[in-house]
Amino acid sequence: MHKLACPKCHSPLIQIDKSYRCHNNHCYDIAKYQYINLLLNPDKSTNNPGDNKESLLCRKAYLNQGYYDVILNEVCQYIKKHFHENMHILDLGCGEGYYTYCLKKELGEQTTLYGLDISKDGIIMATKYTKDIYWIVGNSKNIPIQDHSLDVITALFTVVNVDEIQRCLKSDGYMIHVTANNKHLIEFKELIYDEVKVKSDQHIRLPFEIIESYDFKKTIHLNKKEDTLNLLKMTPHYYHIKKEKRYVLDTLDEFDITIDIRITVYKPNEI
């Protein structure tokens, strides 16, 4: 049984034909691409929030080459090590769905997966991978999941809301948070910026008990110019390139790039 909840009242949603309803009679139709839009108008700042379609297409093309599977494998291995049947797992900020889809393949049919992103374009792309996942358009500040019903939340390079993580996780659940360290994609930063600034990561650390935390660093080789440009275009760095620096795009070809991340497993505070 799924753990979807009404974004207006957080009551459980029940599927009736091609819609979901709660006991307060709030109703949400299942889209023709088999996702559910649970993003309320007050929870979005524009008519089309989230990553733009070009960035999502670049992300899909890049991730499908397998370059970031080393990151995905770290997440998968932890979940497998603590696996039990009938787990409910939310991939927060799932984008076009690659990581969510791979988690589903790795963890099997006994696991219920939810992929949530604020971008409708991203979720529509995600449905092309599989319909065997609950694909949701929604906001991480108002997660449409029942209270204390999730075993795991994964958040790879995405903003999270502390209160919503606390509300959605079971008392024995945990969150896997993947964040970028200062040397992550350093080669791009050195090409694009006049000065590479070292930033504190304190603002992305969460006020939960840390079960495990470690850094993962690896240099990978991008095999062709298309892959290099796709990686750059799926990051914020691409949109920060000054006009006088645009020439660097023509210089990119095969490329060695540094993955430098921190993987932190958090346990929610006592309920």
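Within a Cβ distance under 13 Å of Lys131, other residues only, what is the Lys/Arg minus Asp/Glu net charge? Don't skip to the end; give the middle numbers.
Values: positive: Lys32, Lys104, Lys128; negative: Asp132.
In short, +2.
Rounded to whole Hz and in sequence order, give me ³J(HN,Hα) for the stretch 160-165 from the Karplus expression 6.51 cos²θ - 1.76 cosθ + 1.60, θ = phi - 60°, writing x for Gly and Pro.
Values per residue, Gly and Pro as x: 10, 10, 4, 5, 6, 4 Hz.
As a check on your grasp of the helix formula, calculate [θ] at 222 nm for the chain: sum -39500 (n - 2.57) over DSSP H runs of n ≥ 4, divide by the residue count, round to the nearest 500. Intermediate values should be presented prior to the final figure.
Details: 8 runs with 69 residues, N = 271.
The helix contribution divided over the chain gives -7000 deg cm²/dmol.
If packing is taken as the average count of other Cβ atoms within 10 Å, what order do 152-163, 97-108 fall into, highest mean first? Provide the component values of the computation, followed by the final result.
Numbers: 152-163: 18.7, 97-108: 20.3.
Averaged packing, sorted descending, gives the order 97-108, 152-163.
Under 5 Å between amide hydrogens, which residues at least 5 positions from Ile118 or on another chain qualify, with H placed 1.01 Å from N in the peptide plane?
Gly138
Summing +1 for each Lys or Arg and -1 for each Asp or Glu, what net charge is found among the other residues whose Cβ lies under 11 Å from the Cβ of Leu40? If you can, show how the numbers build up before the last one.
Numbers: positive: Lys8, Lys44, Lys141; negative: Asp43.
Once positives and negatives cancel, what remains is +2.
Under the classification rounded if a/c is under 1.5, otherwise prolate if a/b is larger than b/c and oblate if not, where does the stretch 194-233 fall, given a ≥ b ≥ c as square roots of the Cα gyration tensor eigenvalues?
Verdict is prolate for the stretch 194-233.
Read through the labelled values (i) 118; (ii) 132; (iii) 160 and report the label of the one computed as volume of the Cα convex hull per residue in Å³ from the structure.
(ii)
GNM on the chain, C-alpha springs below 10 Å: top fluctuator among Asp69, Asp147, Asp17?
Asp17
Rank Ile143, Ile211, Ile261 by mean-square fluctuation in a GNM of the chain with C-alpha springs under 10 angstrom and give only the top-ranked residue.
Per the Cα network of the chain with a 10 Å cutoff, Ile211 tops the list.
What relative contact order, as a whole-number percentage, does the stretch 204-271 give when Cα pairs under 8 Å and 6 or more residues apart are counted? Don't jump to the answer; show the numbers that get you there.
On the way: 77 pairs, mean separation 41.0, N = 68.
After rounding, I find 60 percent.
Express the relative contact order of the chain as a whole percentage, based on alpha carbon pairs under 8 Å and six or more residues apart in sequence.
Averaging sequence separation for qualifying contacts and normalising by length gives 19 percent for the chain.
Give the residue from Val137, Leu231, Ile210 lying farthest towards the positive end of the charge dipole for the chain; charges sit on Cβ (+1 for Lys and Arg, -1 for Asp and Glu) and the dipole is referred to the Cα centre.
Value computed over the given set: Val137.
Let's see if you can work this out: charge +1 on each Lys and Arg Cβ, -1 on each Asp and Glu Cβ, no other charges. What is the dipole magnitude of the chain about its Cα centre, in debye to the nearest 20? Intermediate values should be presented prior to the final figure.
Values: 35 positive and 37 negative charges, 115 e Å.
Using only the charged Cβ atoms, the result is roughly 560 debye.
Over the stretch 1-145, what is the mean sequence separation of C-alpha contacts under 8 Å (at least six apart), divided by residue count, expressed as relative contact order in percent?
28 percent
Rounded to the nearest Å, what's the spacing between the alpha carbon centres of the stretch 150-222 and the stretch 14-65? Just the number, please.
Cα centroid of the stretch 150-222 versus Cα centroid of the stretch 14-65: 24 Å apart.
Mind checking the per residue accessible area of the chain for me, 1.4 Å probe, whole number of Å²? Walk me through the numbers before you get to the answer.
Details: 13400 Å² over 271 residues.
Spelled out: the 1.4 Å probe surface of the chain, per residue, equals 49 Å².
The values are calculated or read from the model by the stated rules, or taken from the named source; none is laboratory data. All figures in this text were calculated on a predicted structure; none of them were measured in a lab. Ideal geometry is used to build each Cβ from the backbone, glycine not excepted, and the neighbour counts take in all protein chains shown. The accessibility values were calculated without ligands, DNA or RNA, using every heavy atom of the protein model including side chains. Shrake-Rupley method; radii C 1.70, N 1.55, O 1.52, S 1.80 Å.
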